[in-house]
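Here is the structure we will look at, set down as structure tokens.
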Amino acid sequence: MSDCERCAFYSYDDYSEDYVCDVNMDEDELIRLSSRSFKECPYFRDGDEYKTVRHQM
């Protein structure tokens, strides 16, 4: 499983019939993201709703 599949911003787009990253970026941010090679996505947010609950147990 890739990090994208666990990301809270990864959602299904009915129009393209595919999963897409749904982060609201302007043109400058998109250019910066595509021109550099990141080890991890700077916009990744864990979509696991139960992570906090498991940590409290």
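Data for the structure
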| item | result |
| --- | --- |
| Using θ = phi - 60° and Karplus 6.51 cos²θ - 1.76 cosθ + 1.60, couplings along the stretch 28-36 (whole Hz; Gly, Pro as x) | 4, 5, 5, 5, 4, 5, 7, 8, 10 |
| Loop-resident sites, the stretch 1-37, for trypsin sites (Lys or Arg not before Pro), counting at most 11 other Cβ within 10 Å (DSSP) | Arg36 |
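Laboratory data are not the source of any read-out in this text; all were calculated from the coordinates shown. Just so we're clear, the structure is a prediction, and the values are computed from it rather than from any experiment. Please note: Cβ atoms are built from the backbone with ideal geometry, for glycine as well, and neighbour counts cover all protein chains shown.
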